[in-house]
1. I'd like the antiparallel share, as a percent to the nearest 5, of DSSP beta bridges with both residues in the chain.
2. Past the 24 Å Cα-Cα mark, which pairs from Lys102/Lys242; Lys29/Lys90; Lys202/Lys242?
3. HN-Hα J couplings of region 242-247 from phi, Karplus 6.51/-1.76/1.60, θ = phi - 60°, integer Hz, Gly and Pro as x?
4. With θ taken as phi - 60° and the coefficients 6.51, -1.76 and 1.60, list the Karplus ³J(HN,Hα) couplings across region 215-223 in order, rounded to whole Hz; mark glycine and proline as x.
5. Could you give me the ³J(HN,Hα) list for region 57-72, computed from phi with Karplus coefficients 6.51, -1.76, 1.60 and θ = phi - 60°, whole Hz, x at Gly and Pro?
6. As an exercise, use a Förster radius of 25 Å and the Cβ-Cβ distance of Glu74 and Lys134 to find the FRET efficiency, rounded to the nearest 0.05.
7. Amide H neighbours of Val207 under 5 Å, at least 5 residues apart or on other chains, H built in the peptide plane: list them.
8. Please give every one of the aspartates and glutamates within straight-line cross-link reach of Lys180, meaning a C-alpha to C-alpha distance under 15 Å, and leave out same-chain neighbours fewer than 8 residues apart.
Amino acid sequence: MKFKDNIADDEWEWYIGQIFARLIQNAHKSNIKNAVEIAPGFRYKIAYALKEVNFQGNLYIIDTNTEVLEYVNEKYRKILPNAKIITINKSFENAFEDIPNKFDLLLSNHCIDDMIIAEYMNNYNKNLNNEDFKDMLTEAWIKLGKEPTKINEISSKVFWTFEKIFSNKKITTIIMSQYKSNLYFKDKFKEMDEITEKCFKKVKELVIMDNEYINKILDFFPFGDDERYRGKYLLDNTQNAKNWIVGKYRE
């Protein structure tokens, strides 16, 4: 089944894209020739960000799902007509040889939760837009939340994967987000965000980051006076440096 965009979601995609763009513009001062994105899913926030900074280089996109990559190929080429889109149908840990040894940007929006649950579910290559599969994901997170030994095992593997790429590749700027999901604030289930946050904090320790400076960058409002995008939820979540990694590897 081919994924169809939800028009109502496009506003959110653009909003997060503007945050990424502002971080890129302020944290990465040089030209961008090569960028790598991890696990976009059926989303295009980072495409909007790169459009904002007039990106015309090579973008390597890593995802295990073939339908995602088909979607990305079509969607990103429309948003970034002057960029070269290179899709890699592998897990992040197995894609090291497919990306350059030196590149300008490593970008990801909410990839750590995807990596954790993919490992737990043995990298199911299912239709991520299928409602039944979304229920399976929820059940898997709830089940994982009851297995502390497994959480530690998987989180350690994800952390090691990032440590490996940070130390073996020369990356000028790393920009990653892991803000809490709407499901967390709606009290639907909290396991996903709680498990992911602990792993994210460990990965964040690998990077030299000035949280105070990043919070100043995040103090802006792409939608102006629109109250939906100026509330405490956003300021404490999507626009708070605690939920971002922005900087260079701490060698």
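Every number here is computed from the coordinates shown, using simple stated rules; none is lab data. No experiment lies behind these values; they were computed from the predicted model shown. When we count neighbours, we look across all protein chains shown, and the Cβ atoms used for this are built from the backbone with ideal geometry, even at glycine.
1. In the chain, DSSP labels about 25 percent of beta bridges as antiparallel.
2. With Cα atoms farther than 24 Å apart: Lys102/Lys242; Lys29/Lys90.
3. Values per residue, Gly and Pro as x: 4, 9, 10, 10, 9, x Hz.
4. Here the 3J(HN,Hα) series is 5, 5, 5, 6, 7, 8, 9, x, 9 Hz.
5. Calculated HN-Hα couplings, in order: x, 9, 10, 8, 10, 9, 7, 7, 9, 5, 5, 4, 5, 5, 5, 4 Hz.
6. 0.65
7. Those lying under 5 Å, H to H, from Val207 are Arg250.
8. Output for Lys180: Asp113, Asp114, Glu191, Asp193, Glu194, Glu197, Asp236.
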